[in-house]
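One structure below.
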Amino acid sequence: MGGNTGPLVAIAYSPDGTLLGGGFSDSIKLWNTSDGTVFRTLDIRWTTALTFSANGAYLASGSQENYAEIVIWRVSDGQPIQTLFGHTNSPRALAFSPDGAVLASGGDETIRLWCGQ
């Protein structure tokens, strides 16, 4: 898979396996797994964690950008739809609930639950 621009620090498959997300120091790349082409590049730096929602419509990323932010991206157009703050250190783990209604995040000796979108 091409388009890498630095060390890979986070990786996640979409639930249907058609996309692979990789977090780098200067962006997030989403690749088509069928042919390895870049599907989309998301403009964010210092990614620390990635996870797709169960329906594959959203990607959540943890980042050191703006000191410990979480961004929820709409996969279809690559737009950030929500930014969450609350950790004191970069989020290192992210997981959506099976119904997509809750995002769990951890990274500073706490787990936070973010409800709704």
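Side notes on the structure shown:
- Just one residue in the set 60, 95 is buried (at least 18 other Cβ atoms within 10 Å of the Cβ) and closer than 19 Å to residue 113 by Cβ; that residue is 60.
- Test for residue 39: is it modelled with pLDDT of 90 or more, surrounded by 20 or more Cβ atoms within 10 Å (Cβ to Cβ) and closer than 17 Å to residue 14 by Cβ: no
- The set of residues in the range 72-92 being under 11 Å from the mean Cα position of the chain (by Cα) and surrounded by 19 or more Cβ atoms within 10 Å (Cβ to Cβ) consists of 72, 73, 75, 91.
- Against the test of being of a type in the set (A, V, I, L, M), surrounded by fewer than 20 Cβ atoms within 10 Å (Cβ to Cβ) and closer than 17 Å to residue 114 by Cα, the options 101, 68 yield a single qualifying residue, 101.
- The set of residues from the range 93-117 being without any contact (Cβ under 8 Å) to a residue 40 or more places away in the chain and acidic (Asp, Glu) comprises just one member, 109.
- The number of residues in the range 1-23 being out of contact with any Gly (no Cβ under 8 Å at 6 or more places or on another chain), within 21 Å of residue 80 (Cβ to Cβ) and part of a loop (DSSP other than H, G, I, E, B) comes to 3.
The values are calculated or read from the model by the stated rules, or taken from the named source; none is laboratory data. Computed from a predicted model, the values in this text were never measured in an experiment. Glycine gets a Cβ as well: all are built from the backbone with ideal geometry, and neighbour counts include every protein chain shown.
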